[in-house]
């Protein structure tokens with residue numbers, strides 16, 4: 001007979017010692033501060049034992065009434081709630097009172113209570129998922145979606161459990177401020193972030209910030225700009241994960257090779273190099289350069305926020321990913337975590353906040369690409385960016401890509417009278433100067449973008 005897949009007979013994880021130690025520290029005379037510290041770290045439902053859960057809730061009730069907390073007041077509150085017998089009466093409360101950890105140990109015990117609570121929640125959420133996994137006819141992708149959702153919901157609790165809410169004293173702030181300033185003074189190259197390959201843009205925004213957003217209208221070149229940034233980073237040994245949600249993998253790799261080699265997309269796509277077969281050798285050479293880069297890319301298979309979060313964690317663990325680019329956020333697929341609000345703007349904002357949280361936790365820089373429902377030819381204003389408003393609020397840098405028509409003053413034979421001048425408008429720049437315009441040279445045939453100079457002849 002086969003063995004069971006998992007042991008259903010195990011006791012749920014908990015620590016009576018930690019639960020009682022939290023309660024005992026609050027019972028201690030003059031322990032109002034202990035209660036407030038505990039309140040910032042644990043809730044009543046985090047306690048597993050009835051003694052712990054009910055006693056802690058009674059303490060919270062008494063505190064709200066402004067009364068002192070001791071065995072007598074807690075026993076009276078529990079009696080009023082009809083719970084005194086469930087916790088073992090006043091005798092059991094007296095036993096709990098004897099558990100008095102040191103002040104420094106209180107936070108440790110609170111975090112342990114919280115951590116074990118999260119583990120129990122995980123086991124509770126996994127139980128129906130495991131049951132569904134045993135069903136022969138169920139789609140495995142649905143089981144995986146449920147698993148992703150459960151894990152992602154609990155990740156936030158895990159991360160918040162690692163940190164406590166602290167108030168920094170003047171001495172603490174002075175020490176931390178000096179330490180950071182000294183570190184940046186001695187090694188500025190290590191604290192400035194990563195360079196996007198656009199020198200003026202990097203200078204304005206002080207290199208790549210924690211959360212960056214690129215917005216543009218359809219067909220203006222937002223993928224071109226984000227791909228150029230990705231390649232500029234990846235060929236300088238900065239590991240980049242490019243979450244491609246729009247193009248199939250063949251299309252986007254063709255663009256990548258075109259940017260690197262300078263060979264037109266149409267030639268690579270059709271295989272027709274005309275009278276210049278050397279172009280193919282150039283593509284082959286840069287395919288080798290791509291192999292040596294630190295660029296990782298997904299296909300455009302529909303992905304929800306849980307899949308994306310899992311990918312970020314996975315590739316950060318495997319390859320030390322330093323930058324994540326999401327192109328573009330509007331293509332994130334809704335799932336069981338989809339938000340009930342009718343406003344797409346709110347959903348985009350929530351997705352962005354979730355991506356920000358994952359990347360911030362892992363120390364990853366985030367670039368989010370978004371689409372604007374506006375004319376790509378007009379100079380942008382934050383007041384008319386529509387669905388991207390929430391993204392602009394949350395981002396450290398918010399840049400809008402657009403173009404203007406410029407009169408071709410140096411027009412030669414068979415050349416057009418005007419051309420498109422592409423511009424990145426650095427509209428928001430936290431801890432820096434904004435707005436600023438950076439003019440771009442954009443070869444639409446190869447997707448290569450470089451910085452240019454301010455043109456004359458604006459139409």
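Distance from the Cα centroid of segment 206-235 to that of segment 302-318 is 20 Å (rounded to whole angstrom). The label point for residue 181 and the one for residue 437, both projected 7 Å from the Cα toward the Cβ, are 3.8 nm apart.
Relative contact order for segment 197-451: 29 percent, from Cα pairs under 8 Å spaced at least 6 residues apart, divided by residue count. Put a dot 7 Å past the Cα of residue 28, heading toward its Cβ, do the same for residue 120, and the two dots end up 2.5 nm apart. Packing order of peptides 127-133, 328-334, highest average first: 328-334, 127-133 (average count of other Cβ atoms within 10 Å over each peptide's residues).
Extending 7 Å from Cα along the Cβ direction at residue 430 and again at residue 415 yields two label points whose distance is 4.4 nm.
Scoring 198-204, 315-321 by mean Cβ neighbours within 10 Å over their residues and listing the highest first yields 198-204, 315-321. As a rough guide to protection, the peptides 296-307, 84-95 ranked by mean Cβ packing within 10 Å, highest first, stand as 296-307, 84-95.
Each Cα pair under 8 Å and six or more residues apart adds its separation to the average, and for segment 184-305 the resulting relative contact order is 28 percent.
Read-outs: derived from the displayed coordinates by stated rules, not from any lab. Note that the coordinates shown come from a computational prediction; the quantities given were computed from them, not determined experimentally. We place every Cβ from the backbone using ideal geometry, glycine too, and count neighbours over all the protein chains shown.
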